């Protein structure tokens, strides 16, 4: 998996866990919702400054955005 895809999926997972919409998180990060959508889908390549703002808004250390996580679909395949 490409790093930008992993980061995007991690952001999406963290955002959903906090029950935030893309629009709400985008407002908190001071980016446009369509830009955040592109980051989550791996189509946009965010700067470190933007990643730091996203991590701060989500209340996590920026390194959490880079962790390899098992997704629900991966866990189901392992069973």
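Computed from Cα atoms alone, the Kirkwood hydrodynamic radius reported for region 3-67 is 11.1 Å.
Compared with the dominant principal axis of the Cα atoms in the chain, helix 48-58 is inclined by about 80°.
Working note: 222 nm ellipticity from helices only, DSSP H runs with n ≥ 4, each -39,500 (n - 2.57), summed and divided by the residues of the chain, gives -18000 deg cm²/dmol to the nearest 500.
In percent, rounded to a whole number, the relative contact order of the chain is 39, using alpha-carbon pairs under 8 Å and six or more apart. Put a dot 7 Å past the Cα of residue 24, heading toward its Cβ, do the same for residue 48, and the two dots end up 3.1 nm apart. Between 0 and 90 degrees, rounded to the nearest ten: what's the tilt of helix 3-17 against the longest Cα principal axis of the chain? Between helix and principal axis, roughly 80 degrees.
Applying 0.36 nm per residue to the separation of residue 41 and residue 17 and subtracting their alpha-carbon distance, the gain on full extension is 6.9 nm.
Every read-out reported here was derived from the displayed coordinates using simple, explicitly stated rules and does not represent laboratory data. Source: prediction; values computed, not measured. We place every Cβ from the backbone using ideal geometry, glycine too, and count neighbours over all the protein chains shown.
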